[in-house]
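Written out below as structure tokens is the structure these notes cover.
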Amino acid sequence: MLDATIINLADAVRKSAYQLTGAIADYNPLMHFIGNARFALIGEASHGTHEFYEQRAEITKRLIQEKGFTAVAIEADWPDTYRVNRYVQGANDDPTPAEALSSFQRFPTWMWRNTDVLNFVNWLREYNDALPENAIKVGFYGLDLYSMYISIEAILNYLDKIDPEAAQRARYRYSCFEHFGEDTQTYGYATSFGLTKSCEQEVVNQLQELQQRTAEYIQKDSRIKADELFFIEQNARLVKNAEAYYRAMFTDRVSSWNIRDRHMAETLERLVDYLDRQGQQTKVVVWEHNSHIGDARATDMGTLGEVNVGQLVRDRYGSDSVLIGFTTYIGTVTAASNWGGTTELKQVRSALPVSYEALFHQTGLPHFLLLLRNDNPAIANLRQPRLERAIGVIYQPETERISHYFYARLPEQFDAVVHIDDTKGVQPLDRTAYSEMGEPPETFPFAV
């Protein structure tokens, strides 16, 4: 038997919501709401739900076509995503979007190698190809820091071509990591507990040298050379921040989370600064998990001392940013049972009765948009803390309450939310079972 308060609140939400039916005009209220904002941060409640990827892509297409957004930045590694960026801008030899996405080889490959991302990358290439000759093409960039060794390799390859002496100095500095192979976890453990000296000073010195020699390396006002140098400098910055992340990972989970999200926010800011120099004010869509997109201060994360991208972007850009979350009540999800495990299509349990997801289920609307800045009783009553579900790349329904729920104040966490009551898992491009090991997961929420 439902409490009368819940029934009344569900009714109020129903009256405030915009039902989504699949029509072209469905997201008109959201487009109006976003207005002239420069940053649209669009989340997901899991890393493996088809509808989250699909609808996020549909919103992004409209932002590109109608609002002049020229960059998409995602929760993925910088060098892997930069290959996709070059493909969508027609700047490399990859013949297909699937080939452009083939650098995403580490667990969880389905997170970006899935049919929804493939379709969007294909659309983006076709959109860019149809632009006038001198128009600014839409770019596709990664914000994360898990590619330390790949980034080191990219830096060395670049310096080998333009400055062999600088390449030799870089090899000496980065050789600090060599006796760990490519095992970042071992490096983090050994340095965290004083078993070996850290490489902190070496990676800082390498970044500083690249920054100091920027003008020399560009030499001419060449767009291609400037892009390449920006790509390399960002790799050096990533190595510096990744080294700090792995040192903190085994001793201070809050600190390691904050290093990672501050890196992603810093990468976003530097990307915007760089793109702004092309001649117009850049507008960026960010795709990340709700746990990175929603303002951490409105959740248990903030209580623990964690910050996230959504909070940092709000602090930096204020009303120029819009944070959009996704929720679901039931369905399936593509996920693993443990880190590095086999990809599975897993059944998602009905949301817990005291959660936002269960409340939204009670509206009876299968798919709706709710604008959370609206001043009405429904939004005001949603400010009472409730449970919210977060599924990363790992889903453990047997410990769901502990593993996948946290308290949040939704209208403070997001500016808008899209609820899709019954969802299904993404379709990976790699259909065979696999178990590649990647970087270790964050512990709360599971692997986001």
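The values are calculated or read from the model by the stated rules, or taken from the named source; none is laboratory data. This one's a predicted model, so the numbers in the text were calculated from it and none came from an experiment. Cβ atoms come from the backbone with ideal geometry, glycine included; neighbour counts cover every protein chain shown. Remember, those area values only see protein heavy atoms, side chains included, never the ligands or the DNA or RNA. Shrake-Rupley method; radii C 1.70, N 1.55, O 1.52, S 1.80 Å.
Things worth noting here:
- For the stretch 305-323, the tally of residues that are touching a Lys or Arg at 6+ places or on another chain (Cβ under 6 Å) and either outside any helix (DSSP H, G or I) or among the aromatic types (F, W, Y) (or both) stands at 1.
- Taking strands (runs of 3 or more DSSP E) as the structural unit, no element lying wholly within the stretch 365-448 holds at least 2 residues that are at pLDDT below 85 and out of contact with any strand residue (DSSP E or B) (no Cβ under 7 Å at 6 or more places or on another chain).
- Among the residues of the stretch 188-231, the one identified as at pLDDT below 80 and either touching a strand residue (DSSP E or B) at 6+ places or on another chain (Cβ under 9 Å) or closer than 21 Å to R106 by Cβ (or both) is Y189.
- The residues of the stretch 324-346 that are open to solvent by 10 Å² or more (accessible area, probe 1.4 Å), over 26 Å from E58 (Cβ atoms) and in a strand (DSSP E or B) amount to a single one, E344.
- Residues of the stretch 126-158 that turn out to be within 26 Å of the chain's Cα centre (by Cα) and not in a helix (DSSP H, G or I), as a count: 12
- The C-beta contact set for the stretch 188-207 (first residue without any contact (Cβ under 8 Å) to a residue 12 or more places away in the chain and under 15 Å from Y245 (Cα atoms), second residue polar (S, T, N, Q) and open to solvent by 30 Å² or more (accessible area, probe 1.4 Å), distance under 6 angstrom, 6+ apart or interchain) comprises A190/T196.
- Where V284 falls short, out of the listed (1) of a type in the set (A, V, I, L, M, F, W, C); (2) at pLDDT 95 or above; (3) closer than 20 Å to S46 by Cα: (3)
- Some residue of the stretch 261-275 being of a type outside the set (A, V, I, L, M), open to solvent by 30 Å² or more (accessible area, probe 1.4 Å) and farther than 21 Å from V239 by Cβ: no
- Pick from the stretch 282-304, criterion part of a loop (DSSP other than H, G, I, E, B) and in contact with a helix residue (DSSP H, G or I) (Cβ under 9 Å, 6 or more places away or on another chain), ranking: most open to solvent (accessible area, probe 1.4 Å): K283
- In the stretch 107-122, the residues that are crowded, with 17+ Cβ neighbours inside 10 Å and touching a residue at least 40 places away in the same chain (Cβ under 8 Å): F107, P108, T109, W110, M111, R113, N114, D116, V117, L118, F120
- Where a residue in the stretch 81-95 is within 17 Å of S147 (Cα to Cα) and its partner, wherever it lies, is among the polar types (S, T, N, Q) and surrounded by fewer than 18 Cβ atoms within 10 Å (Cβ to Cβ), with Cβ under 8 Å and at least six apart: R83/N92
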